[in-house]
Amino acid sequence: MNYLKKIFVYAVPYKRYAFLNILFNILYALFGALSFVVLMPMLNILFGEDQKTIEKKPVLDGFKNIGEYFKDSLTYSVQNFAKDDQLKALTFVIILVIVVFLLKNIFNYLALYFGTFLRNGILKDLRDTLYTKTVNLPMSFFSEKRKGDLMARVSNDVNEVQNSFLSVLEIIVREPLSVIFSIVIMLTISAKLTLFVFVFIPTAGYIISVIAKRLRQQSADVQREQGTFLSILEETLNGLKIIKGFNAERLFNSKFTDSTRRYFNFSNKMMNRQNIATPLSEFLGIVTIAFLLWFGGRMVLIDKTLLASSFIAFMGLAYNILTPIKALSKANNNVKRGNAAAERVLEIIETISPIEDKANAMTKEGFNAAIEIKNVSFKYEDDLVLNNFSATLHKGKSIALVGQSGSGKSTIANLVTRFYDVNEGSINIDGEDIRDLSKSSLRSLIGLVTQDSILFNDTVKNNILLGKPNATDDDVLEALKVANAWEFVKDLPHGIDTNIGDGGGKLSGGQKQRLSIARAVLKNPPIMILDEATSALDTESERLVQVALENMMKNRTSLVIAHRLSTIQNADQIIVMQKGEIAEQGTHNELIAKNGVYKKLVEMQSFE
């Protein structure tokens, strides 16, 4: 229950439904027990058993006599209504039985009705919190977690937590009260027979609890493996073209089937352990009933210390105890599984992000002077990716970063946008350390165009509006024209309202990249970061995208990262990087004249 207790905070907004659920569960448990008691007068009439005549209306005299009071009140009501007419008395008792059973089932429905709002409300809020937390976690978190595992936590684990909540309510309120009310009434019928029952029920409960002990661990194994095969599925769908191109279907089939086989084995162990609880508890219940029949039968037939009608009602109440005990056993299994699921959900929710806004984080409205990268060192794991790197980008100017893969170019973009924080040194905007600014304020100043054109399964318009949600259609059209994208968008079936498919799959690489540029253009930020925006394009697409980039970069502060030197030859300053350090810097012509690393890169790419 440790992890489920932490989930209870999500029930607070729905406490009204929780109170109503508890109230009607109490009434259900009470009328569940009373439904057997009201049968006793009917059985007395049918068996023709002697009953004492109650001349005066009974008065409650202390709590310990509540059982006698209730029986005498019931007998008095029947006698007062029917006089000496047995058929009339039988009719009255039958109507009473129907009313009690009707109320019992109405209260059952109302308890479930309000419980539904409670459970589904918790499910919604928990899922929303998990999604919000996932979106707010830093990029470093996702380099260590598999996406499919995160998806399993948001869907299956949250569902498991939701289901366990009803089990918790059963464990706390409904079933225990059903047992308590039944026992109280059983004691009023025969204390001796009730004590006999208590010899068997704890024994049965202990046996069932031993079986349920390992359920939590087995449930965690099942949920973890489910995350694994969902991750493989997600990777397969994202990389289907490569899998087919390299004839790797058999390899991925093997990985997936290995995971589903483990899931199969884990599930079998968990379900078999869970399934044995119901037949075992039923068998133990029948054994208890059998001993009760023998012991109680002697009291009725030989000792004559118990009426047959009272014994039948007692047996009904005994069964009424066994039913909630079985339900408690099942609920306990659900709680074990829910606790394992809650642990996985809370692992995400309670993850402390290393990149959080300070309590007094500042809001910055505009960009006025320069971005200063001062003596920055950074490493993702053990080895430094940047080592004592410094550069200054003045407003309205452009800096291009070039160098071989792994030299640290993209890392600088990640640090300026604060997807990661520096290990040493600082990055300042207009003299303010970006760690003192709110992330939202910082990123509102920056437009980002990446190598991978990240688009969403939506319309052209809605993909571009991410940059400025309140923009008009005219603003969208203008951004498309600046990005050199209107020429193909106007020919789409529904223009800007055309759905572009999952990840923009209905468009070519160049078209997707121009939409990414249009999105950045519409945002109209003072600082633009272009992270290898043309490296994945063919020559024709690169030409069109290059024109779009030049249009966007006019009179704008730009940080350009490129493999292709053709995209950065007009930059105000070019920094050549090697192993996280600056090898050379200057303009294109100055670096060519140095006849150093930059010139070699140019010659390797036949750049003129």
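Table for the structure above
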read-out	value
Candidate set from region 400-420 (those that are part of a helix (DSSP H, G or I) and of a type in the set (Gly, Ala, Ser)); member that is modelled with the highest pLDDT	Ala413
Those residues of region 455-489 which are assigned to a helix (DSSP H, G or I) and of a type in the set (D, E, K, R), in sequence order	Lys461, Asp473, Asp474, Asp475, Glu478, Lys481, Glu487
Any hit, region 490-511, residues being outside any strand (DSSP E or B), closer than 28 Å to Glu365 by Cβ and of a type in the set (Lys, Arg)	no
Some residue of region 438-454 being more than 21 Å from Ser558 (Cα to Cα), assigned by TED's automatic domain parsing to the domain that holds Gly396 and either part of a helix (DSSP H, G or I) or of a type in the set (A, V, I, L, M) (or both)	no
Residue satisfying all of: in region 186-200; of a type outside the set (Ser, Thr, Tyr) and touching a helix residue (DSSP H, G or I) at 6+ places or on another chain (Cβ under 7 Å); surrounded by the fewest Cβ atoms within 10 Å (Cβ to Cβ) among these	Leu187
Residue, surrounded by the fewest Cβ atoms within 10 Å (Cβ to Cβ), within region 370-399, restricted to residues that are of a type in the set (Gly, Ala, Ser) and at pLDDT below 90	Gly396
Lone unmet requirement of (1) farther than 16 Å from Val521 by Cβ; (2) modelled with pLDDT of 90 or more; (3) among the charged types (D, E, K, R) for Lys506	(2)
Contacts under 8 angstrom Cβ, first residue in region 167-178 being not assigned by TED's automatic domain parsing to the domain that holds Leu30 and at pLDDT 70 or above, partner surrounded by fewer than 22 Cβ atoms within 10 Å (Cβ to Cβ) and among the acidic types (Asp, Glu), 6 or more apart	none
Conditions (1) modelled with pLDDT of 80 or more; (2) under 35 Å from the mean Cα position of the chain (by Cα): number failed by Ile302	(2)
In region 1-31, the residues that are in contact with a helix residue (DSSP H, G or I) (Cβ under 7 Å, 6 or more places away or on another chain) and among the aromatic types (Phe, Trp, Tyr)	Tyr3, Tyr10, Tyr14, Tyr17, Phe24, Tyr28, Phe31
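Matching residues to (1) exposed (fewer than 15 other Cβ atoms within 10 Å of the Cβ); (2) over 30 Å from Val422 (Cβ atoms); (3) modelled with pLDDT under 80:
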| residue | (1), (2), (3) |
| --- | --- |
| Thr132 | yes, no, no |
| Asn136 | yes, no, no |
| Ser140 | no, no, yes |
| Lys145 | no, no, yes |
| Ala152 | no, yes, yes |
| Val158 | no, yes, no |
| Val161 | no, yes, no |
| Ser164 | no, yes, yes |
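The values are calculated or read from the model by the stated rules, or taken from the named source; none is laboratory data. Not measured: the values here are computed from a predicted model. No Cβ is skipped: glycine too gets one built from the backbone with ideal geometry, and neighbour counts run over all protein chains shown.
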